[in-house]
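Colleague: One structure, as structure tokens, below. Some questions next.
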Amino acid sequence: MLFLMNDVVMHLDALDLAPPVAARRFARLNLPFISNLGGELFSEEPLLPHVAPERAMRLAVLIVTKTPEINAALFVAPARGCPVDQVQARYAQLSFEVMGLLYERQQRGALTTLEADRQVWRRLAA
């Protein structure tokens, strides 16, 4: 499964998503808790998907395990070490076509923050 975190398309291993053990382990978690956890991670490292992709993937697995229809997340921290409540989180459900296009661009080295924003998050629209 493909998952977009900020401006990085990650390929999540189906084995991480499927085991019943994972479903039981994460049953008590809810999306606000996971968003707060993401806020903590991005407060520590605003470029998490680039600097620590394995941690970003684990966060993505948590999101998908809890809310399978979500396949994109945006976490924006104003600065490293900022208070967790200042980290903004957004989620999206992208079509297979958009996700495929983003993944293809990333494979060619052409996926930039600006391109991901234009295609998905639309934060920088004039």
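The values are calculated or read from the model by the stated rules, or taken from the named source; none is laboratory data. Note that the structure is a prediction, hence the values are computed from the model and not measured. Ideal geometry is used to build each Cβ from the backbone, glycine not excepted, and the neighbour counts take in all protein chains shown.
Colleague: Take the residues of the stretch 81-110 that are within 19 Å of residue 59 (Cβ to Cβ) and among the hydrophobic types (A, V, I, L, M, F, W, C): which is farthest from the chain's Cα centre (by Cα)?
Modeller: 82
Colleague: Here is a further query. Within the stretch 30-126, considering only helices (runs of 4 or more DSSP H) that don't extend past its boundaries, which have at least 2 residues that are hydrophobic (A, V, I, L, M, F, W, C) and within 11 Å of residue 5 (Cα to Cα)?
Modeller: 53-66
Colleague: Out of the residues in the stretch 1-50 that are exposed (fewer than 11 other Cβ atoms within 10 Å of the Cβ) and of a type in the set (A, V, I, L, M, F, W, C), which is modelled with the highest pLDDT?
Modeller: Residue satisfying both the conditions and the ranking: 27.
Colleague: Identify, by number, the condition in (1) over 14 Å from residue 31 (Cβ atoms); (2) touching a residue at least 24 places away in the same chain (Cβ under 8 Å) that residue 60 doesn't meet.
Modeller: (1)
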